[in-house]
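Okay, so here's the structure we're looking at.
Read-outs throughout are calculated quantities, based only on the coordinates presented, and are distinct from any laboratory measurement. Since we're looking at a predicted model, the values are computed, not measured. Please note: Cβ atoms are built from the backbone with ideal geometry, for glycine as well, and neighbour counts cover all protein chains shown.
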Amino acid sequence: MRITSATPADLDRLLSFRREAASWLSTLGSDQWSRPYPADRLLATINAGTVFMLRDGEHTAATITLTAEAEDGLWSEAELGEPSMFVNKLTVTRDYAGRNLGGRLLDWAGDRAYRASAKWLRLDAWTTNTGLQQYYLDQGFEHVRTVLEGNAVNGGPRVSGWLAQRPTRPAEHGFTDETPSPEALTI
């Protein structure tokens, strides 16, 4: 399997991933991702070069967004002063579930962040999705805090405010990485 940068041609597939994940999560009793994601916002992240696709021949197995930009209102000023990269929208299609692709993509992200001189790989998860939170803990992340509506660092409502991080590190993820080398972070 190979990791490539997403292109605008991947937009429909990424939106389909989101709908598929929301439907699956709904069967588990979660409302995560139940609101449609704006296509223009997703296209902007693709054009920014922060969306990556895991491809298996002609099939797309998973996607991950990795950015140096933190979501507003989640991380403190001191935390934002530490070189970090942030994982968003990690999604594995149901056809590829159960193969540890998510864990390996997190390892790839941690390796890429390490090569960009980041200290931390950080993420936020849905505050009510305890299964997802446990998954990230099992992947070596440590819970930092949960930001709820009204206690966000910079104000604003939060539905995805369970914050976790793990140190970046080189990793053997087993994928062929066809993405450009990451740029070094500047703070």
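Tabulated values for the structure
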| quantity | calculated |
| --- | --- |
| For peptides 169-175, 9-15, sequence by mean Cβ density within 10 Å, most packed first | 9-15, 169-175 |
| Ranking of 53, 85, 1 by count of other Cβ atoms within 10 Å, fewest first | 1, 53, 85 |
| Phi to ³J(HN,Hα) by Karplus 6.51 cos²θ - 1.76 cosθ + 1.60 over the stretch 169-185, Hz, x for Gly, Pro | 6, x, 8, 9, 9, x, 9, 7, 8, 9, 8, x, 4, x, 7, 5, 6 |
| Potential lengthening between residue 59 and residue 77 on full extension [0.36 nm per residue; Cα-Cα distance subtracted] | 2.4 nm |
| ³J(HN,Hα) computed for each position of the stretch 130-145 - Karplus, 6.51 cos²θ - 1.76 cosθ + 1.60, integer Hz, glycine/proline x | 5, x, 5, 4, 5, 4, 5, 4, 5, 8, x, 7, 10, 5, 8, 5 |
| Residues whose placed amide H lies under 5 Å from that of residue 90, excluding near-sequence neighbours | 65 |
